[in-house]
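The values are calculated or read from the model by the stated rules, or taken from the named source; none is laboratory data. Being a predicted model, the structure only gives us computed values, none of them experimental. All Cβ positions, even for glycine, are placed from backbone atoms using ideal geometry, and neighbour counts span all protein chains on display. When the accessible area is computed, the model is the full protein with side chains, heavy atoms only, and any ligands, DNA or RNA have been set aside. Shrake-Rupley method; radii C 1.70, N 1.55, O 1.52, S 1.80 Å.
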Amino acid sequence: MNNPILNLSDVRKTYLTEKKERINALDRIDLDIFENDFVCILGPSGCGKSTLLRLVAGLDRDYQGKIFYKGKLLTSSSHEIGMVFQEYSLLPWRNVIDNVVLGPEFLGKGKRERIEIGMQYLRLVGLDAYTKSYPYELSGGMQQRVAIARSLANDPQILLMDEPFGALDAHTRILLQKELLTIWNKNRKTILFVTHSVDEAVYLSDRIVVMSASPGKMLADIPVDMPRPRKRSDPAYGALVTKLLEMLESEAKT
Amino acid sequence: MKKTFNILIYFTIPAIFLIVWMYLAQSIGNKIILPSIEDVLVIMSSPGTSLIGMGSLIDNITISIIRVFCGYVLAVCLAIPLGMLMGYSPLTFKLFHYFLGLFRPIPPLAWVPLVLAWFGVSSLAMFYPFESGSLYVYLRNIKLSMIFIIFIGAFFPILLSTIHGVQGVRTTLIESARTLGGNEWDIFRKILIPAAAPSIVNGMRIGLGVAWMCLVSAEMLPGSISGVGYLIIHAYTVARTDVVIAGMISIGIVGVLLDTIFKAVETNKFSWQKKYR
Ligand SMILES: Nc1ncnc2c1ncn2[C@@H]1O[C@H](COP(=O)(O)OP(=O)(O)OP(=O)(O)O)[C@@H](O)[C@H]1O
Ligand SMILES: [Mg+2]
């Protein structure tokens, strides 16, 4: 087997609250992520999913344990590890295209090249008609698509996605899931996708990492080898969903 | 129809005000207590003519604006960088916040004795190499003490809204820029400044208003021989209430004009902020 693109070994994270209480957000996380994989992290609210992604994104360096990216110790955020946030993160004073080209702009690419890249990814998410619109003129789902295009425009090696469809209605959500798989098929990024929806995890990923809350730790690591596109009516699909739900439920009881 | 109604709405209160003024002026019949509207209008309508031997209204307003401008620019140049630092770095915030907080409640006028002790009647002419020429005479009109008072007035509103603006920038915006490969300087320039700009400009607007209001107190300082503030005080001592009122109206008009400029910038540049959820 080839080397993992991302390796977490014995990662722990405790938060100190304002009242000086310690919260074990992550406990003994050991995880290998391989290139081109679509991995979902599934867990109940508050189990430390966002915390884990923030560590991998290099946004929080206050933790124990080690995180390796391509064999090197991760020390800061970089344009090679992109992130789509749980909450809306577009710059409200920039229009859609100017938001999408932010990454290439930071990398010092010229204006023409930037716009070209930006348009390419806006087309990919189907929003090339909204180039000059402002974020507040878009619906929540459209904003999230722009945010995805913005991350992709940087051509990251790993794309971290923190419940990107969490705030959307069921219908839009399914549409965007399909769209995301199409995009992923086209350029095969490594994707680390956080969700608390069992269905979403089974529909999307090659592998599901199940987490449990307080302290947040890994419960199971389940490969999903059903062919895509997956059908929700498929018995194997239903069986896996049931299995995962039971796993989460029994954990919630204890 | 709607339009005429709107215009009527705007003009009702001013019209009532003017009628009451006219009526009162007539029934009091004493120019020193309340001059008639016509007396004031005569002065306002020929702002270029010299008044009670102190130069014209226009001359005095110009010198006042230059003074305010000097103190204001100084305040902007210090308050914005300091405010950005204090808003961004908790350490700098702790370092300055409590200390500066002690000075904030002190009214600018309360600085007068200290300011006079420090600067006396020295003016910007101090920094001018020659002791003659029209520029020298002009610079001599801009006392350091005045600049200081105006500076104090403008400094705190600008500082506080800059800090507030920077602290209010959502961390998600900063962090998303970080994951896109932005370095600290990128984040400062492309995230913090534009995100905090509406608040900063709002502070600049309030600061300019306060600076303009500090003008009269600054121009009451010894050594002052011009400016609208001085004109008003001097006109009072020679019982020319009509000049006092004309001066006051000029101060009001200039204040409104300055504010309008800022308002225009705010509505033009920062329309995103209102619709932002
Ligand atoms: N800045 C912080 N200070 C203190 N505690 C925190 C902080 N951020 C998160 N926590 C705690 O860490 C735990 C994990 O939080 P996290 O945001 O990672 O959960 P999550 O799995 O992403 O939840 P959700 O699905 O609701 O987004 C929670 O118990 C939370 O209270
Ligand atoms: Mg979360």
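Structure summary
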{"quantity": "Global geometry of the range B:38-276, whether rounded, prolate or oblate, following the gyration tensor of its Cα atoms and the 1.5 cut on a/c", "calculated": "prolate"}
{"quantity": "Restraint check, B:Lys94/B:Lys263; A:Lys132/A:Lys189; A:Lys109/A:Lys186; A:Lys189/B:Lys190, Cα-Cα greater than 26 Å", "calculated": "B:Lys94/B:Lys263; A:Lys132/A:Lys189; A:Lys189/B:Lys190"}
{"quantity": "Amide hydrogen neighbours beyond the local backbone of A:Asp221, cut-off 5 Å, H modeled", "calculated": "A:Val210"}
{"quantity": "Heavy-atom accessible surface that A and B bury in contact, both chains counted, 1.4 Å, Å² to 100", "calculated": "2100 Å²"}
{"quantity": "For the range B:38-276, with +1 on Lys and Arg beta carbons and -1 on Asp and Glu, the positive-most of B:Pro108, B:Met204, B:Tyr230 along the dipole", "calculated": "B:Met204"}
{"quantity": "Within chain B, helix-based [θ] at 222 nm, where runs of 4 or more DSSP H residues each add -39,500 (n - 2.57), nearest 500", "calculated": "-24500 deg cm²/dmol"}
{"quantity": "Interface residues, the range B:170-185 - accessible area loss of 40 Å² or more versus chain alone, probe 1.4 Å", "calculated": "B:Thr172, B:Leu173, B:Glu175, B:Ser176, B:Arg178, B:Thr179, B:Leu180"}
{"quantity": "Percent carbon-and-sulfur accessible area, the range B:153-232, ignoring ligands, DNA and RNA, probe 1.4 Å", "calculated": "67 percent"}
{"quantity": "DSSP-loop trypsin sites (Lys or Arg not before Pro) across the range A:68-140, with at most 13 other Cβ within 10 angstrom", "calculated": "A:Lys132"}
{"quantity": "Helix A:140-152 axis, angle to chain A major axis (alpha carbon atoms, nearest 10°)", "calculated": "90 degrees"}
{"quantity": "Apportionment of accessible area to carbon and sulfur, the range B:1-65, percent (1.4 Å)", "calculated": "75 percent"}
{"quantity": "In Hz, Karplus ³J(HN,Hα) per residue of the range B:15-25 (6.51, -1.76, 1.60; θ = phi - 60°; x = Gly, Pro)", "calculated": "5, 4, 4, 5, 5, 4, 4, 4, 4, 5, 4"}
{"quantity": "Whole-Hz ³J(HN,Hα) from phi, Karplus 6.51 cos²θ - 1.76 cosθ + 1.60, for the range B:46-60, glycine and proline x", "calculated": "10, x, x, 7, 5, 10, 5, x, 10, x, 7, 4, 4, 4, 5"}
{"quantity": "GNM top mover of B:Gly229, B:Gly209, B:Gly53 - chain B, alpha-carbon springs below 10 Å", "calculated": "B:Gly53"}
{"quantity": "Residue-span extension gain [B:Lys269 to B:Leu8] - 0.36 nm each, minus C-alpha spacing", "calculated": "90.9 nm"}
{"quantity": "Other-chain or far-sequence residues with amide H under 5 Å of B:Ser56's (modelled H)", "calculated": "B:Leu51"}
{"quantity": "Within the accessible area of the range A:19-121 (1.4 Å probe), percent carbon and sulfur", "calculated": "44 percent"}
{"quantity": "FRET efficiency, A:Asp155 to A:Arg12 (Cβ-Cβ, R0 41 Å, nearest 0.05)", "calculated": "0.80"}
{"quantity": "Estimated distance in nm for a label pair at B:Phe99 and B:Ala117, the labels positioned 7 Å out from Cα along Cα-to-Cβ", "calculated": "2.1 nm"}
{"quantity": "Heavy-atom surface of the protein assembly as shown, accessible at 1.4 Å and reported per residue (Å²)", "calculated": "51 Å²"}
{"quantity": "Separation of the B:Leu91 and B:Arg170 label points, Cα + 7 Å toward Cβ, nm", "calculated": "2.9 nm"}
{"quantity": "Label-point gap, in nm, between A:Glu113 and B:Ile32 - each point 7 angstrom along Cα→Cβ", "calculated": "8.0 nm"}
